[in-house]
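Okay, so here's the structure we're looking at.
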Ligand code: ADP
Ligand code: ZN
Ligand code: ZN
């Protein structure tokens, strides 16, 4: 008998094939089954979808399904619903989202390879059996939080200082669900796995002795295709009880899912920046609701969205949807570092390190303590310029300067990658005197080496300075190697970008210095202060994590700024995230910005700025009447902050609405018009909608 079967395949969004395609199958296949189907001259992986996802046409002879991937449980209705919701909410096709959520290798295996693959069970590493770990007694704060998690449905916002024992809460909450039900699974999400190898180690240490090494798998972009498939299958089969992964893990097939943890929930890396631009944090909350499982969002500096959603009730307003749980104290009476602000207006012109800071650094290094120096700009100098004619190292392909990298004497564009050797003389006037303007981490490392050349470590050896940023860690394994050196105490001063501020548990750091963070105070991006505050709080949290040190030696965070009295630094000094959040939310409310309104961005790229903007303006006109009705504001198209990258002009247009629902409904409709308009605007190279954009 013949069964018309709807199948989702990855079709390009612009082809207009948004819904499932119908194929013929000799047997009735349940939705969620993986199949291979012909499309044009190719054969693609597809997922059998629900029968209401397509309209059947009677008269067309259907092509048959080539074969189905036997032996695998179909993907669950919940999984399909998560995918469908994601596609609709972020304005992409269901097929694209569904297929992107599956491991690549599934697409490439033939029927025979697949059969062979399934026979092979995930090999458990034959490692030595682990000792059962000693689990510390929960602190009173942890006990209280765990009690709330056990007795309420959530979602929970775990607002806990750095070092307050949030990870221990995750471990215990996970342990609880995993022991209660032998089929239970837990999803733990982290922003960037290679920056936090300790987290994986702690989960393994806790759970491998109970359920073997194979009980935990990771999911992130650093896996080989074969590993990714193995880990995915382990999760899908229920063999893996804990999945630890980056944003992509939110789509893992987890038949026994019982708990979702999103660590560092404020981190911007939870937002996907291409294709379906989903927020894995937001999808985690949605998935929790869909599957009736608890969700814990954890952070020392929550996103203002989550903070707002977890507001307590007031006389005039009901409480937010999330339950806020607070752990203010560091474990073991560790104290948070003292924040010291240096007024750079009172320093000599061109001071890089104030003398006070240098003295403090000398003292610490001599005592054998470690220091972090944070500067959010890599390279040697952001610009090279000619003192004679004013030439600057512009990128010929972008509206940006090329950065001077001294180590390999290159000028490199950080936007398009265009790289050239540094010219001997000014390309414009021939002047030999071209010099760097401003400074980056490379220069800082060099400069510190000179300033502290006479300083000795306690063992009499000269001090060691290391640098961690995207340049120094380009080679695989390099980041891990460098971090290990810091942990081993081989490095005295670590200079770096935000990479060094995240999650690391550096035991011997007692001083953190942030140089020149002022840019974010006056940025046109309304989220810049939020990002800066959380970065500085995270960085401060690196100091004094070892209670035995912080009790004897006051830890410090130094901030060098031209605006030391700024409220952001005041709040930082008090370690007062709630005060900062309160002030920011007030400003956002007055300006009607998220979380008090909802936004979407449409971006367009074309050979000329005019063409990009024309497309957006046409889209605006096409949607004007409906937008007006839905109370959606569409702002005029503008060039993006970096207007040209790799010779492509970029423009964007902002949409805003006080109702998420109304904005959604409008976008769903308008999207079809954009696809049509695009075919009339031939010069447009690509366009995309970004719902809930993070950078504007
Ligand atoms: P966070 O994730 O909030 O930064 P961690 O969970 O990493 O905090 O805890 C900080 C330190 O305190 C870690 O070294 C951890 O092993 C330790 N710790 C956490 N909870 C306890 C506890 N209940 N008793 C003793 N030590 C604890
Ligand atoms: Zn010149
Ligand atoms: Zn460039």
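The values are calculated or read from the model by the stated rules, or taken from the named source; none is laboratory data. Being a predicted model, the structure only gives us computed values, none of them experimental. Cβ: placed from backbone, ideal geometry, glycine included. Neighbour counts: every protein chain shown.
Residues being surrounded by 14 or more Cβ atoms within 10 Å (Cβ to Cβ) and away from ligand 3 (no atom under 16 Å from the Cβ): count how many of those fall in the stretch 406-421.
Residues in the stretch 406-421 being surrounded by 14 or more Cβ atoms within 10 Å (Cβ to Cβ) and away from ligand 3 (no atom under 16 Å from the Cβ): 1 in total.
Do the conditions hold for residue 439, that is, is it in contact with a strand residue (DSSP E or B) (Cβ under 7 Å, 6 or more places away or on another chain), surrounded by fewer than 17 Cβ atoms within 10 Å (Cβ to Cβ) and under 30 Å from residue 641 (Cβ atoms)?
Judged against the criteria, residue 439 is not a match.
Which of the following residues is within 16 Å of ligand 2 (Cβ to nearest atom), surrounded by 15 or more Cβ atoms within 10 Å (Cβ to Cβ) and in contact (Cβ under 8 Å) with a residue 40 or more places away in the chain: 373, 383?
Working: 373 fails: within 16 Å of ligand 2 (Cβ to nearest atom).
Matching residue, one of 373, 383: 383.
Which members of the stretch 98-120 meet the condition of being in contact (Cβ under 8 Å) with a residue 40 or more places away in the chain and more than 17 Å from residue 10 (Cα to Cα)?
111, 114, 115, 117, 118
Could you list, in sequence order, the residues of the stretch 562-573 that are in contact (Cβ under 8 Å) with a residue 60 or more places away in the chain and touching a helix residue (DSSP H, G or I) at 6+ places or on another chain (Cβ under 9 Å)?
Correct list: 562, 564, 569, 572.
Could we say that residue 485 is surrounded by fewer than 20 Cβ atoms within 10 Å (Cβ to Cβ), within 24 Å of residue 358 (Cα to Cα) and at pLDDT below 90 here?
Working: surrounded by fewer than 20 Cβ atoms within 10 Å (Cβ to Cβ): yes; within 24 Å of residue 358 (Cα to Cα): yes; at pLDDT below 90: yes.
In short, yes.
Check residue 291 against each of (1) away from ligand 1 (no atom under 16 Å from the Cβ); (2) touching a residue at least 12 places away in the same chain (Cβ under 8 Å); (3) in contact with a strand residue (DSSP E or B) (Cβ under 9 Å, 6 or more places away or on another chain); (4) under 17 Å from residue 220 (Cα atoms) and name the one condition it does not meet.
Only one criterion in (1) away from ligand 1 (no atom under 16 Å from the Cβ); (2) touching a residue at least 12 places away in the same chain (Cβ under 8 Å); (3) in contact with a strand residue (DSSP E or B) (Cβ under 9 Å, 6 or more places away or on another chain); (4) under 17 Å from residue 220 (Cα atoms) is unmet by residue 291, namely (4).
Which of the residues that make up the stretch 554-570 are in a loop (DSSP other than H, G, I, E, B) and buried (at least 23 other Cβ atoms within 10 Å of the Cβ)? Don't jump to the end; show me each part of the working.
Applying the first criterion (in a loop (DSSP other than H, G, I, E, B)) to the stretch 554-570 yields 554-555, 562-566.
Residue satisfying the conditions is 555 alone.
Out of the stretch 155-171, which residues are more than 6 Å from ligand 1 (Cβ to nearest atom) and touching a helix residue (DSSP H, G or I) at 6+ places or on another chain (Cβ under 7 Å)? Reasoning before the result, please.
Residues of the stretch 155-171 that are more than 6 Å from ligand 1 (Cβ to nearest atom), as a first pass: 155-159, 161, 169-171.
Residues satisfying the conditions are 155, 156, 157, 158, 169, 171.
Among (1) away from ligand 1 (no atom under 16 Å from the Cβ); (2) farther than 30 Å from residue 606 by Cβ, there is one condition residue 502 misses while meeting the rest; what is its number?
Result: residue 502 fails condition (1) only.
Starting from residues that are touching a strand residue (DSSP E or B) at 6+ places or on another chain (Cβ under 9 Å) and within 27 Å of residue 675 (Cβ to Cβ), keep the ones in the stretch 18-30 and report whichever is modelled with the lowest pLDDT. Even if it seems obvious, please write down each step before you answer.
Keep residues of the stretch 18-30 that are touching a strand residue (DSSP E or B) at 6+ places or on another chain (Cβ under 9 Å), which gives 19-30.
Remaining after also requiring within 27 Å of residue 675 (Cβ to Cβ): 19-23.
Values: 19: 76, 20: 84, 21: 87, 22: 89, 23: 91.
This residue is 19.
Of the residues in the stretch 590-615, how many are touching a residue at least 60 places away in the same chain (Cβ under 8 Å) and closer than 21 Å to residue 657 by Cβ? I'd like the intermediate steps shown before the answer.
Step one: filter the stretch 590-615 for residues touching a residue at least 60 places away in the same chain (Cβ under 8 Å), giving 591-608, 611-612, 614-615.
Imposing the further condition that a residue be closer than 21 Å to residue 657 by Cβ reduces the set to 591-604.
Here the count works out to 14.
Could you give every pair whose Cβ atoms fall below 6 Å, whose first residue belongs to the stretch 170-183 and is without any contact (Cβ under 8 Å) to a residue 40 or more places away in the chain, and whose second residue is within 12 Å of ligand 1 (Cβ to nearest atom), counting only separations of at least 6 or pairs across chains?
171/206; 172/146
Go through the stretch 138-246 and tell me which helices (runs of 4 or more DSSP H), entirely inside it, have 2 or more residues that are modelled with pLDDT under 95, within 29 Å of residue 484 (Cα to Cα) and more than 21 Å from the chain's Cα centre (by Cα). Break it down stepwise before answering.
Numbers: elements: 140-151, 166-180, 197-211, 225-237.
Per the criteria, 197-211, 225-237.
Yes or no, residue by residue, for (1) modelled with pLDDT of 90 or more; (2) touching a strand residue (DSSP E or B) at 6+ places or on another chain (Cβ under 7 Å); (3) surrounded by 15 or more Cβ atoms within 10 Å (Cβ to Cβ):
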{"site": "45", "(1), (2), (3)": "yes, yes, yes"}
{"site": "62", "(1), (2), (3)": "no, yes, yes"}
{"site": "66", "(1), (2), (3)": "no, yes, no"}
{"site": "78", "(1), (2), (3)": "yes, no, yes"}
{"site": "85", "(1), (2), (3)": "yes, no, yes"}
{"site": "110", "(1), (2), (3)": "no, no, no"}
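Is it the case, given these coordinates, that residue 474 is within 23 Å of residue 376 (Cβ to Cβ), away from ligand 1 (no atom under 16 Å from the Cβ) and in a loop (DSSP other than H, G, I, E, B)? Steps first, please.
On the way: within 23 Å of residue 376 (Cβ to Cβ): yes; away from ligand 1 (no atom under 16 Å from the Cβ): yes; in a loop (DSSP other than H, G, I, E, B): yes.
Yes; evaluated as a whole, the condition is true for this residue.
Please give the number of the condition residue 393 fails out of (1) over 27 Å from the mean Cα position of the chain (by Cα); (2) buried (at least 21 other Cβ atoms within 10 Å of the Cβ); (3) touching a residue at least 24 places away in the same chain (Cβ under 8 Å); (4) within 16 Å of ligand 3 (Cβ to nearest atom).
The single condition residue 393 does not satisfy is (3).
Within the set of pairs 6+ apart or on separate chains, which have a first residue in the stretch 316-332 that is at positive phi and touching a residue at least 12 places away in the same chain (Cβ under 8 Å), a second that is more than 11 Å from ligand 1 (Cβ to nearest atom) and assigned to a loop (DSSP other than H, G, I, E, B), and C-beta atoms under 9 Å apart?
No pair meets every condition.
State yes or no: is residue 200 free of Cβ contacts under 8 Å to residues at least 60 places away in the same chain and either in contact with a strand residue (DSSP E or B) (Cβ under 6 Å, 6 or more places away or on another chain) or more than 16 Å from ligand 2 (Cβ to nearest atom) (or both)? Give the derivation first.
Details: free of Cβ contacts under 8 Å to residues at least 60 places away in the same chain: yes; either in contact with a strand residue (DSSP E or B) (Cβ under 6 Å, 6 or more places away or on another chain) or more than 16 Å from ligand 2 (Cβ to nearest atom) (or both): yes.
Spelling it out, residue 200 is indeed free of Cβ contacts under 8 Å to residues at least 60 places away in the same chain and either in contact with a strand residue (DSSP E or B) (Cβ under 6 Å, 6 or more places away or on another chain) or more than 16 Å from ligand 2 (Cβ to nearest atom) (or both).
Are there strands (runs of 3 or more DSSP E) fully within the stretch 310-383 with at least 1 residues that are within 27 Å of residue 443 (Cα to Cα)? List them.
Details: elements: 323-327, 338-343, 370-374.
Strands (runs of 3 or more DSSP E) meeting the threshold: 338-343, 370-374.
From the set of residues in the stretch 460-478 that are closer than 28 Å to residue 362 by Cβ and touching a residue at least 60 places away in the same chain (Cβ under 8 Å), which is nearest to ligand 3 (Cβ to nearest atom)?
471
Hey, does the stretch 256-272 have a residue that's farther than 19 Å from residue 149 by Cα and free of Cβ contacts under 8 Å to residues at least 12 places away in the same chain?
no
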